[in-house]
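*Asks:* Dropping a structure here in structure tokens format, bear with me for questions.
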Amino acid sequence: DGGITQSPKYLFRKEGQNVTLSCEQNLNHDAMYWYRQDPGQGLRLIYYSQIVNDFQKGDIAEGYSVSREKKESFPLTVTSAQKNPTAFYLCAIGTEYSNQPQHFGDGTRLSIL
Amino acid sequence: AQTVTQSQPEMSVQEAETVTLSCTYDTSENNYYLFWYKQPPSRQMILVIRQEAYKQQNATENRFSVNFQKAAKSFSLKISDSQLGDTAMYFCAFMKHVLSGGSNYKLTFGKGTLLTVNP
């Protein structure tokens, strides 16, 4: 989706390192979401933010942190406390329309070296 | 809390044939929305079809249609005239109705069904 940019597309982490995944949007939407996708697990919500300077934990927040200093940006940090970080990470923005509730970015694949 | 169950981890179908993917959900809400998303090998999430719970008529989008059974809490997706480009993961998703809109449109996803269309 042209309005949401996730970077990088592929990311590698060494054991014990923190890494930050970027999610930027130019659609001026308030709500942003981070999901984790594992094989056979579907999409699970990590964190979400409904407004600048505010965010809430999702279902699997342990080992992750976020910030929302600007409306356009919602970066996700995978900390060394996350013991199994290898996964595909999707960022989404919330729309104003219930019939198309979220637009998704193209994702970041995180792997452990 | 809502749960969404997709009981078929994998399915396959021959090109031009019809296939039905199953989805059941559990909720105490009366007003809600249901969605089917497609995730092709490119990993992009694409909205395929949506259904409002208050509508009795089943949604249809070209070759895609749903069978929505509210009492049974069932929401299956039928793909007619399957094409090779339909090969993808398909996710069923639930969203409860909220009054305030966009910021509260949280989705609950099933675990997905991998559909392979064979030539």
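The values are calculated or read from the model by the stated rules, or taken from the named source; none is laboratory data. The model shown is predicted, which means the values in this text are computed figures rather than measured ones. Don't worry about glycine lacking a Cβ; one is built from the backbone with ideal geometry, like all the others, and counts go over all protein chains shown.
*Asks:* Looking at B:GLN6, B:GLN39 in this structure, which one is under 17 Å from A:GLN41 (Cα atoms), touching a Gly at 6+ places or on another chain (Cβ under 7 Å) and at pLDDT 95 or above? First the steps, then the outcome.
*Replies:* Details: B:GLN39 fails: touching a Gly at 6+ places or on another chain (Cβ under 7 Å).
B:GLN6 is the lone residue from the list that is under 17 Å from A:GLN41 (Cα atoms), touching a Gly at 6+ places or on another chain (Cβ under 7 Å) and at pLDDT 95 or above.
*Asks:* I'd like the full set of residues that are at pLDDT below 95, surrounded by 19 or more Cβ atoms within 10 Å (Cβ to Cβ) and of a type in the set (Phe, Trp, Tyr), limited to region A:79-113.
*Replies:* The one that is at pLDDT below 95, surrounded by 19 or more Cβ atoms within 10 Å (Cβ to Cβ) and of a type in the set (Phe, Trp, Tyr): A:PHE104.
*Asks:* Condition test on A:THR79, is it among the polar types (S, T, N, Q) and within 14 Å of chain B (Cβ to nearest Cβ)?
*Replies:* no
*Asks:* So, restricting to strands (runs of 3 or more DSSP E) that lie completely within region A:12-113, which ones have at least 1 residues that are touching a residue at least 24 places away in the same chain (Cβ under 8 Å)?
*Replies:* So the answer is A:19-25, A:32-38, A:42-51, A:64-66, A:76-78, A:87-94, A:102-104, A:108-112.
*Asks:* Here's another thing I want to ask about it. Please go through region A:19-46 and pick out each residue that is away from chain B (no Cβ under 12 Å) and either small (Gly, Ala, Ser) or in contact with a Gly (Cβ under 7 Å, 6 or more places away or on another chain) (or both).
*Replies:* Residues satisfying the conditions are A:SER22, A:CYS23, A:GLN25, A:ASN26, A:ILE46.
*Asks:* With the structure loaded, tell me whether A:LEU76 is out of contact with any helix residue (DSSP H, G or I) (no Cβ under 9 Å at 6 or more places or on another chain), crowded, with 21+ Cβ neighbours inside 10 Å, closer than 23 Å to B:THR3 by Cα and of a type in the set (A, V, I, L, M) or whether it fails that test.
*Replies:* no
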